[in-house]
Amino acid sequence: QVPTLDNSRMPIVPTRHRSPTQPANFTRLQLIDDEQQFSGKLSSYMKTKWSLADAGFDYNVVAVFGSQSTGKSTLLNRLFGTRFDVMDESQRQQTTRGIWADRGIDGMKVLIMDVEGTDGRERGENQDFERKSALFSLAISEVLIVNMWEHTVGLYNGANMGLLKTVMEVNLQLFGSNRESKTLLYFVIRDHVSHTPLDNLAATLKQDLDRIWSSLSKPDNLSDARLSDYFDLKFTSLPHKVLQPENFEKQALELRNQFTHRSSKGYVFRPSYKRNVPADGFPHYAEAVWEKVVSNKDLDLPTQQELLAQYRCDEIAATALVPFRECIDKVRPRVQEGEIVKDLGSLVQTERTRALAAFDEQAARYHKDVYAKKRSSFVQVLDGELHSLFLNQVKNASSQAATTFANDCQKLLEEAVDDYIFSDIVGEVRKRVTKWFGAAIDSLTFKDAAWTFNSEIKQLESQLNATTAKLRSAEMERALEQIRRSTRDHLSDVIADKLNNPNDGDMWAGVMQGFEKSTNKAEAMMEHRMESTGIGRTEHQQRAQLMRKLHKGLWEDMINSLREEVADQMVLLKLRNILEDKFRYDENGLPRVWKPSDDIDSQFAAARGVAQALLPKYSRIDASSLLTSTLKGWDSGQFFPAGFDIDRTLTLISPARQRELSKRFGREADALYLEAKRAMVSTQNH
Ligand code: GDP
Ligand code: MG
């Protein structure tokens, strides 16, 4: 293992109050100080100390980027003959923060910026100054030397790539629309001691850069900007300064040539890197850039720590999610198959608590805001999975509740004995089912859960309402049936009696009176049943509808009874009975004994006339007496359901059948007449 001078773990002795005075022959300037103030002396340094003020466009700007103590100042001093502070190994002192500027020696028209500062990443401070100085360097320099240890190549944090990302992002926002000049990012890999060829190291860095570039959030108008639109990339490495001092010096010198000799092969300065700023304008330009950098809020956003926190919190969350998912994946199929998994709520809640605890334990150490944000999105992920699982279970419970309700009600209603109250039975079941469902829901809701199942509760309610309505109408159908059955027998007795005695008063008025009476009785029963079925007095429409349906049923029952009474044989029997009554019996109800002197023919004709006259009477119902009845709605046509054509029901025997019956009755009467005649002849003969 080759020792390196990564002294980040060394105790740091701040020397903030060290005086920035310097020996008289030094020409360096603290361009930006500890307090982020831009020096007022740049202009005069340009003129007097550096003699660059009149250089026009004939000067170059180089800056350096890299972690603390990676030998940046050492390198700059080698390349440009400057005398930037190098950390003294014997004292191990941290140098002041700030950006130092100097001019290259030996006539080099190069302005060099050396960035000093504490390493915020290692110190856990925010990287405000690092970001600002890096952004400033990037914005003003033609060549930005990116300095890093070989062993940090490929390490996102170690190589300061995170910072680079932030800086590139903000650079794109602030200066991105200026594509005229590019910057050369010159990666100088220090302490190249491994056998990994430079090309491979370069490839790794290129990959990192591409990754960084594609993950940058770019302004809308620059969404298609490519890395190469803004940057050229160049890579080199240097041997270990302590282990191979000669090689180091040799190669440092070669590198120096790339900055000094226009004719050298790798000469770094190109016209395309040039900012369009003449030397006398440079002080103003640099200050303006610094102002812009300092006033930019975007720089304050993603600090290195935040980036790290985001990355780690995501990782921690992913790990914590694994056992949670396993548990959920185990129960999910059961729930999906419709099972109502007992203890699902507590089971899963335990896992949730465990996952959150696992997350908190590790993630809480990271950047507070990021941690809080990541935690809430982790909770969202957990709860998202929970909720869909719970919802599934709630739906299962809901449909089970609905089924239980329907079945239990039906069963209880079927088993119920006589004077039961529908509303009580159904209400009882509903209470039980709702309570059960409520408990199922309660077990799936907990204190900080972001959901309720109110809409599922409502849904079940309306489903139970629908079922209740269905049960109610079935119940009312049943009631209708029962009421009709109980009135039918009585009414058919009345009908038989009235039709068998057609000449006792007004036959049809008697029938209608019977109808009216049984209707009134049936209505009372219906009222009672509606009451107990929960069809309240306010539900006029439904009540009226049911009543009309009852009326129609009763009416049809009556019609059926009447039709039976006037069926062929029945009506013929009735006519014959009447005929016989009139013909065979006298006014006192005594059987007649015909004597030869009797006018049998006219007697017979009279009796037959009376009987035959009944046929039209039997054929059509005369409901006119109902007009003055107590039946509600009869006169206004509201008695029956709409569309019920009562007139069509009034005809019991069609004219054709009447003629046919009349003929048959005639024949039967003839037979009777002949029989009577024969009986008389036989008495004469004796
Ligand atoms: P800076 O903070 O990046 O400017 O680093 P310095 O230039 O101040 O150097 C920090 C320490 O590393 C000093 O003790 C240097 O002597 C030493 N150093 C400079 N260059 C190298 C190098 O290439 N390799 C090694 N191993 N040490 C170096
Ligand atoms: Mg330094």
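Each reported figure results from applying straightforward, stated rules to the coordinates on display, with no laboratory input. A quick note: this is a predicted structure, and the numbers were derived from the prediction, not measured. Virtual Cβ from ideal backbone geometry, glycine too; neighbours counted across all protein chains shown.
Quick notes on this one:
- With eigenvalues of the C-alpha gyration tensor scaled by 5 and rooted, region 323-370, Å: 30, 10, 8
- When DSSP beta bridges are restricted to pairs lying wholly in region 30-301, around 30% turn out antiparallel.
- Cα Rg, Dmax (largest Cα-Cα span) when computed across the chain, Å: 55.2, 183
- Cut-off under 5 Å, modelled amide H: who pairs with TRP149 long-range: ARG190
- Relative contact order (percent, whole number), the chain, Cα cutoff 8 Å, 6+ residue spacing: 9 percent
- Taking the DSSP beta bridges with both ends in the chain, the antiparallel portion is around 35 percent.
- Degrees separating the helix 128-140 axis from the principal Cα axis of the chain, which is the longest one: 70 degrees
- The convex hull built on the alpha-carbon positions of region 598-686 has an orientation-averaged projected area of 8.6 nm².
- ARG529 sits among other residues whose Cβ lies under 15 Å from its own Cβ, and their net charge, with Lys and Arg +1 and Asp and Glu -1, is -2.
- Taken over the Cα atoms of region 30-301, the convex hull encloses 131 Å³ per residue.
- Highest mean packing comes first when the peptides 464-473, 68-77, 442-451, 282-291 are listed by Cβ atoms within 10 Å, giving 68-77, 282-291, 464-473, 442-451.
- Projected onto their three principal axes, the Cα atoms of region 473-598 cover extents of 76, 24, 18 Å, largest first.
- The angle separating the long axis of helix 655-685 from the principal Cα axis of greatest extent in the chain is about 20 degrees.
- Volume per residue of the C-alpha convex hull in region 307-452, rounded to whole Å³: 94 Å³
- Computed log₁₀ I(q)/I(0) - Debye formula, equal Cα scatterers, no solvent, region 469-685, q 0.08, 0.12, 0.17, 0.19 Å⁻¹: -0.41, -0.72, -1.13, -1.31
- Integer Hz, Karplus 6.51/-1.76/1.60 couplings in order for region 610-618, x for Gly and Pro: 4, 5, 5, 5, 6, 4, x, 5, 5
- Helix 422-442 axis, angle to the chain major axis (alpha carbon atoms, nearest 10°): 10 degrees
- Taking amide H positions as modeled 1.01 Å from N, with prolines and chain starts lacking one, the residues under 5 Å from THR183 and 5 or more places away or on another chain are PHE231, ASP232.
- For region 307-452, relative contact order (Cα pairs under 8 Å, six or more residues apart, normalised by length) works out to 30 percent.
- Cβ-to-Cβ counts within 10 Å put GLU169, GLU565 in ascending order as GLU565, GLU169, the fewest first.
- For the residue pairs LYS373/LYS395; LYS517/LYS617; LYS41/LYS241; LYS447/LYS470; LYS41/LYS292, the alpha carbons lie more than 30 Å apart in LYS373/LYS395; LYS41/LYS241; LYS447/LYS470.
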